[in-house]
């Protein structure tokens, strides 16, 4: 949960924003690749001078122009300075390095998932209480009253199997948004924690229970969803069904893959968290930023997430990695990949991911998974305009997927396209899961080069992913509970 300063954008930062927002979800007026491929061809030497931008920026639709204005106002990063400072002295255009020596994974013990979760809720607070960033031996309890209050907010908790005359209590001051985030430390692994929260004498909620982070041997069951575009109607008719399915499935934690809202406004995030309330009372959610989240203060304030090491100058939670149970997860953001591809040099996030995938936490994991909002490949972008086709991000096809394949990543999960799609590239399973709320796409002609076979289902849906000992099992289910696809990836022993 970070609040970043606002600084003026350079021309390069605006170009970054253009490359991201030209393909804003729900709009097919322009392609994110327009102009960038020309720049890449002209500047393949990787020099650090700004290329000639004449003709590099395509015509914009009114929707794209509005999105760009919002992004420029929200983004405070001077990319020409911050990104350059992230480059190591010996950076080269080749982001591939030798694979680190394999680390023997710990024995895999147990099965994914828990018992069916309860569904009762508290509406005392406009947000929360929610469980966030449950990993290692800590967790956060996050809650926000409808109006900021001067008092401290407190959480009390008890640990299963630990006798105590009174619960543990911790209190914190509100942040600039009136939100409280209480950290719980020294939690034993895979243990039920029962908690309540209060502000003053009248605002109370709980008790609710969650489970602390599992041991490194433990498989996990993950609920995945993307492109929620939350508003009251969508949360009632779509998100509520996805949440109910996740609770009934006994998921261990949840992942979102961007575009939680239409516009990065506090009220829309309130709608989002209201729809997620039964889930987040009990289950931690790790978020991926999307173009509609637009690097806004409202997005970073909404979630308590891990931070990259070293942190990105724009925001420490912009991208990150973490280990839960037998699975390592990397959460990414698109702009560094577009710029690395354009200028032929690895920028901060590309260099960071290379090192993370070689870390003991990643190498010892049974499964390595990546999340990024924009997909490397996708097929369906309404209304299938041949003048402005959209088939995914070429920068990811050229850079991220080959790196993922070399480093033993099993699957890459994305959204942005409002449907379900699946295929395989270089041995990496690609999943598009953008069907958690936004308006659905239509089926478009397959582009040249699309991996085959390629599966598509244009329905609202979510994924349940089991990181089992013998296989990674991905099940796509529509909001009526019908299974629409199932993919099983055998464990390859490395």
Query raised in the report: residue 248 fails exactly one of the following numbered conditions: (1) in contact with a strand residue (DSSP E or B) (Cβ under 6 Å, 6 or more places away or on another chain); (2) closer than 27 Å to residue 110 by Cα. What is the number of that condition?
Result: (1)
Query raised in the report: From the set of residues in region 163-212 that are in a loop (DSSP other than H, G, I, E, B) and within 25 Å of residue 323 (Cβ to Cβ), which is nearest to the chain's Cα centre (by Cα)?
Result: 212
Query - Within region 274-284, considering residues that are in contact with a helix residue (DSSP H, G or I) (Cβ under 8 Å, 6 or more places away or on another chain) and surrounded by 22 or more Cβ atoms within 10 Å (Cβ to Cβ), the one farthest from residue 140 (Cα to Cα) - result: 275
Query raised in the report: From 295, 324, which residue is surrounded by 22 or more Cβ atoms within 10 Å (Cβ to Cβ) and at positive phi?
Result: 295
Requested in this report: Look at residue 475 and say whether it is in contact with a strand residue (DSSP E or B) (Cβ under 8 Å, 6 or more places away or on another chain), under 26 Å from residue 272 (Cβ atoms), without any contact (Cβ under 8 Å) to a residue 40 or more places away in the chain and assigned by TED's automatic domain parsing to the domain that holds residue 384.
Outcome: yes
Query raised in the report: Given the structure, is residue 254 outside the structural domain of residue 153 (by TED's automatic domain parsing) and free of Cβ contacts under 8 Å to residues at least 60 places away in the same chain?
Result: yes
Query raised in the report: Hey, does region 216-232 have a residue that's over 19 Å from the mean Cα position of the chain (by Cα), closer than 26 Å to residue 297 by Cα and touching a residue at least 12 places away in the same chain (Cβ under 8 Å)?
Result: yes
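Looking for something touching a helix residue (DSSP H, G or I) at 6+ places or on another chain (Cβ under 7 Å), in contact (Cβ under 8 Å) with a residue 40 or more places away in the chain and under 19 Å from residue 108 (Cβ atoms) - is there at least one such residue anywhere in region 233-241?
Within region 233-241, not a single residue is touching a helix residue (DSSP H, G or I) at 6+ places or on another chain (Cβ under 7 Å), in contact (Cβ under 8 Å) with a residue 40 or more places away in the chain and under 19 Å from residue 108 (Cβ atoms).
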Requested in this report: Determine, yes or no, whether residue 203 is surrounded by 16 or more Cβ atoms within 10 Å (Cβ to Cβ) and touching a helix residue (DSSP H, G or I) at 6+ places or on another chain (Cβ under 9 Å).
Outcome: no
Query raised in the report: Failed condition for residue 318, given (1) without any contact (Cβ under 8 Å) to a residue 40 or more places away in the chain; (2) part of a loop (DSSP other than H, G, I, E, B); (3) more than 10 Å from the chain's Cα centre (by Cα), with all others met?
Result: (3)
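Is it the case that some residue within region 128-136 is touching a strand residue (DSSP E or B) at 6+ places or on another chain (Cβ under 6 Å), closer than 23 Å to residue 302 by Cβ, part of a loop (DSSP other than H, G, I, E, B) and in contact (Cβ under 8 Å) with a residue 24 or more places away in the chain?
Applying the first criterion (touching a strand residue (DSSP E or B) at 6+ places or on another chain (Cβ under 6 Å)) to region 128-136 yields 128-133, 135.
Adding the requirement that they be closer than 23 Å to residue 302 by Cβ leaves 128-133, 135.
Filter again for part of a loop (DSSP other than H, G, I, E, B), leaving none.
Looking for residues that are touching a strand residue (DSSP E or B) at 6+ places or on another chain (Cβ under 6 Å), closer than 23 Å to residue 302 by Cβ, part of a loop (DSSP other than H, G, I, E, B) and in contact (Cβ under 8 Å) with a residue 24 or more places away in the chain, one finds none in region 128-136, hence no.
The values are calculated or read from the model by the stated rules, or taken from the named source; none is laboratory data. Everything numeric here is computed off the predicted structure, so don't read it as measured data. We place every Cβ from the backbone using ideal geometry, glycine too, and count neighbours over all the protein chains shown.
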